[in-house]
Amino acid sequence: MSELGFRLRPANPQTRPCKVCGGVSRPFGATDFNRNCEEIRGNFLPPSGIEVPYRRCEACGLVYTEAFDDWTHADFEAHIYNADYGQVDADYADIRPANGAAFIGKLFGASKDGLAVLDYGGGSGVMAARLREAGFADVVTYDAFHPDHRERPDRRFDLVTCFETLEHMPDPVGGAADIASFLTDDGLLVFSTLTQPADFDAQGLGWWYVGPRNGHVTLHTHKSLAILWARHQRSVGSFNANLHAAYGAVPAFARHVIGPQTPRDARTRDAAEP
């Protein structure tokens, strides 16, 4: 047990099956537990002395750690999603949910009266509140790590939003299945997670988005996202490196966004982005 009061699964030097595609993954390096995504803004925490090992898949490029795979929900709450979390994610409380609501409102505001919307991993519910203020009639927040929104909805939704959540999932396949369980048959998922940049080979674990203190345990590529959502009969298109949509049969309310094009081709660059 470390001085911080927790234990991580030790590094495994052997090859392992990738968590998403089952391909060969190998050790990729390690970084300190206190490394966080606010370092890009100059916010450095003192080194913890606890190394977090990451692996990389040779087939789909997924970078992930198994270090937290033995942790319980309570462990994550105590050591990552605790009262100090705002120090390593300054945009979490207000900026990101406000931008997310603006983005969804711009894309789907014309259908706001008839849409059932779930904000999965929605924290304190700020984004849902902003959408209601904008006239969306049916918006629900679900976040297993927030005391006000832990109750699981018992229905499905036309639109599920999931901003900055997939990178936090130590079980990406199980997490995606949970998200998919809330979608109607032709429901649309709009989500954000930053995919690895073109120069990731050069940056490696120096990439700013690698932040174990933030709970960033699974770092996707476009290929890993496509494989992940194909399990649920959904294609993935991307607005940019951070914003994506997963869809099967395109619902009527989203045809102006997806239509015959993927979101990568849609003209949405002037939209507010989370």
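The values are calculated or read from the model by the stated rules, or taken from the named source; none is laboratory data. If you're wondering where the values come from, they're calculated on a predicted model, not measured in any experiment. Note that each Cβ is placed from the backbone with ideal geometry, even for glycine, and that neighbours are counted across all protein chains shown.
Numbers for the structure displayed
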| quantity | calculated |
| --- | --- |
| Some residue of region 63-73 being surrounded by fewer than 16 Cβ atoms within 10 Å (Cβ to Cβ) and either touching a strand residue (DSSP E or B) at 6+ places or on another chain (Cβ under 7 Å) or polar (S, T, N, Q) (or both) | yes |
| Residues of region 148-205 satisfying the condition of being among the hydrophobic types (A, V, I, L, M, F, W, C), assigned to a loop (DSSP other than H, G, I, E, B) and either in contact with a helix residue (DSSP H, G or I) (Cβ under 8 Å, 6 or more places away or on another chain) or without any contact (Cβ under 8 Å) to a residue 24 or more places away in the chain (or both) | Met169, Leu194, Ala198 |
| Members of region 208-251 that are in a helix (DSSP H, G or I) and either crowded, with 20+ Cβ neighbours inside 10 Å or touching a residue at least 40 places away in the same chain (Cβ under 8 Å) (or both) | Pro212, Arg213, Asn214, Lys223, Ser224, Leu225, Ala226, Ile227, Leu228, Trp229 |
| Region 67-109, residues that are among the β-branched types (Val, Ile, Thr), in contact (Cβ under 8 Å) with a residue 24 or more places away in the chain and under 24 Å from Glu51 (Cβ atoms) | Ile80, Val88 |
| Criterion violated by Glu77 - all others in (1) part of a loop (DSSP other than H, G, I, E, B); (2) on the phi < 0 side of the Ramachandran plot; (3) surrounded by fewer than 18 Cβ atoms within 10 Å (Cβ to Cβ) satisfied | (1) |
| Region 90-100: number of residues that are buried (at least 20 other Cβ atoms within 10 Å of the Cβ) and under 22 Å from Pro170 (Cα atoms) | 0 |
| Answer from Phe136, Phe103, Phe108 - the residue that is surrounded by 15 or more Cβ atoms within 10 Å (Cβ to Cβ), within 17 Å of the chain's Cα centre (by Cα) and not small (Gly, Ala, Ser) | Phe103 |
| Scope region 1-47; condition among the hydroxyl-bearing types (Ser, Thr, Tyr) and at pLDDT 95 or above; matching residues | Thr15, Ser25, Thr31 |
